[in-house]
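Just so it is clear, none of the values below were taken in a lab; they were calculated from the coordinates. Computed from a predicted model, the values in this text were never measured in an experiment. So basically every Cβ, Gly included, is an ideal-geometry build from the backbone, and we count neighbours across all protein chains shown.
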């Protein structure tokens, strides 16, 4: 499947006002492939970022805790893209804290303004387009989030943040936050092989909240299954492109932010914008994903 224009995937409005393409870019893999390496290549990372914008990407997801050695996602983004195009939306996350020696205790309410200001400095911005309150690691918790979200909402009132989001949250935590301030986006763990967040996805769809899965391709490698491969072959596409197309077809509020440190894979991911799955194929893929998840238990 050859490259096609990214706007063929359509667009969403964040918070009812900020327009973004439904395929964006996740910056986590630019400094390194994993928290423990191997390290990325600086020149390649800069080329990937510039290539993403050249291909029409207008939504980049990052965090100040995305770093490895002397490579940091925020610094790479600033070096590659500043001064930023007017239409470029940069989303970041606060909550987790990480130093050179490893992870630190999660940020409390008083720590969130310094975290936002750190992102502002690193990115060279006067305000941030979208800031997620990120909770914990991969697994969810049921902890109250009201005080922390209220601290972020206060920064929104001061003009440091335009839109607020939540990451790795439950339906109860979303409701708690929405009672304090509008939530423009939810970023949770969801992909073809992990369809456990369907209730919250449905709520986001009802409320017009963007739903932005992290690990949209399932992790390091897309799922390897002959049934998915047959659909990919039918469309002249790769398995990764089919998985991304399924994610966009799954709900009108989903946004995909696949990350890569490869210029070639970047072009492949963006090209998924032109892939249209039939309703039957979307349903078949959903069922395949459920079956594969059951097989892995």
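Observations
- Panel order for 254, 198, by other beta carbons found within 10 Å of each beta carbon, from fewest to most: 198, 254.
- Calculated FRET value between residue 143 and residue 41, using beta carbons and R₀ = 45 Å, to 0.05: 0.75
- Debye log10 I(q)/I(0) for the chain, one point scatterer per Cα, at q = 0.10, 0.11 Å⁻¹: -0.51, -0.62
- Taking one quarter of the surface of the convex hull spanned by the alpha-carbon atoms of the stretch 1-110 gives a direction-averaged projected area of 8.8 nm².
- Estimated distance in nm for a label pair at residue 117 and residue 19, the labels positioned 7 Å out from Cα along Cα-to-Cβ: 3.6 nm
- Exposure proxy order (Cβ contacts within 10 Å, fewest to most) of 246, 35: 35, 246
- Computed from the C-alpha gyration tensor, the three semi-axes of the ellipsoid equivalent to the stretch 150-190 are 19, 11, 7 Å, from longest to shortest.
- Counting every other Cβ atom within 10 Å of each residue's Cβ, 201, 255 order from fewest to most as 201, 255.
- In the frame of its principal axes, the stretch 112-265 has Cα extents of 51, 34, 25 Å, reported largest first.
- Alpha-carbon gyration tensor eigenvalues x 5, square-rooted, for the stretch 72-176, Å: 23, 17, 12
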